[in-house]
Amino acid sequence: QVQLVESGGGLVQAGGSLRLSCVASGRITNVDDMAWYRQAAGKQRELVARITPEGDASYGNSVKGRFTISRQNYNYTIYLQMSSLKPDDTAVYFCNADVVRPGDMEFYNYWGQGTQVTVSS
């Protein structure tokens, strides 16, 4: 069993900051890419940021220069530092990871339950 648990969401005023965390736990042999996605009400889920085990990061166009993804490999944790938040950033933020469990021959993709971020104007 593999679980991804997000934390750190909440309500913040426009221009403010929040930091999200996600921990992958359970029977894990290795974790490849980890990422943050978000889904606003009535919209499709979109990629926010992705990070490789080597620390190479990529970002969605709407968050470049405002959000920073980071990672701790030893405990399968990623963070999303969000700054200069806008009302358009309001969404449920989901953690995503490619995980190998003991006995697996390939990576399987897992999702967290999500954490709500609300930015007020």
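Could you figure out which of (1) in contact (Cβ under 8 Å) with a residue 40 or more places away in the chain; (2) open to solvent by 60 Å² or more (accessible area, probe 1.4 Å); (3) assigned to a strand (DSSP E or B) isn't true of Asp98?
Failed condition: (2).
What's the number of the only condition in (1) farther than 18 Å from Ser7 by Cβ; (2) open to solvent by 20 Å² or more (accessible area, probe 1.4 Å); (3) touching a strand residue (DSSP E or B) at 6+ places or on another chain (Cβ under 8 Å) that Gln81 fails to meet?
So Gln81 meets the others, but not (1).
On the basis of being touching a residue at least 24 places away in the same chain (Cβ under 8 Å), touching a Ser or Thr at 6+ places or on another chain (Cβ under 6 Å) and buried (at least 17 other Cβ atoms within 10 Å of the Cβ), does Thr90 make the cut?
Numbers: touching a residue at least 24 places away in the same chain (Cβ under 8 Å): yes; touching a Ser or Thr at 6+ places or on another chain (Cβ under 6 Å): yes; buried (at least 17 other Cβ atoms within 10 Å of the Cβ): yes.
So Thr90 fits the description; yes.
Which condition number does Asp104 fail, the rest of (1) in contact (Cβ under 8 Å) with a residue 40 or more places away in the chain; (2) part of a strand (DSSP E or B) being met?
(2)
Please work out which one of (1) in a loop (DSSP other than H, G, I, E, B); (2) over 17 Å from Gly114 (Cβ atoms) is the condition Gln81 fails and give its number.
With respect to (1) in a loop (DSSP other than H, G, I, E, B); (2) over 17 Å from Gly114 (Cβ atoms), Gln81 is out only on (1).
Residues that are out of contact with any Cys (no Cβ under 7 Å at 6 or more places or on another chain) and buried (at least 18 other Cβ atoms within 10 Å of the Cβ): which strands (runs of 3 or more DSSP E) entirely in the range 1-72 hold 3 or more of them? Steps first, answer last, please.
Numbers: elements: 2-7, 10-13, 18-26, 30-39, 46-51, 57-59, 67-72.
In the range 1-72, 18-26, 30-39, 46-51, 67-72 are the strands (runs of 3 or more DSSP E) which contain 3 or more residues that are out of contact with any Cys (no Cβ under 7 Å at 6 or more places or on another chain) and buried (at least 18 other Cβ atoms within 10 Å of the Cβ).
Mind checking which pairs have a first residue in the range 5-21 that is closer than 13 Å to Phe94 by Cβ and a second that is open to solvent by less than 30 Å² (accessible area, probe 1.4 Å) and assigned to a loop (DSSP other than H, G, I, E, B), Cβ under 9 Å, 6 or more apart or different chains?
Val5/Gly112; Glu6/Gly112; Glu6/Gly114; Gly9/Gly114
Restricting attention to the range 107-118, which residues are part of a loop (DSSP other than H, G, I, E, B) and open to solvent by 30 Å² or more (accessible area, probe 1.4 Å)? I'd like the intermediate steps shown before the answer.
Our first condition is that a residue be part of a loop (DSSP other than H, G, I, E, B); within the range 107-118, this holds for 107, 112-114.
Residues satisfying the conditions are Phe107, Gln113.
The values are calculated or read from the model by the stated rules, or taken from the named source; none is laboratory data. Model, not experiment: these values are computed from the prediction. FYI the Cβ positions are ideal-geometry reconstructions off the backbone, even for glycines, and counts take in every protein chain you see. The accessibility values were calculated without ligands, DNA or RNA, using every heavy atom of the protein model including side chains. Shrake-Rupley method; radii C 1.70, N 1.55, O 1.52, S 1.80 Å.
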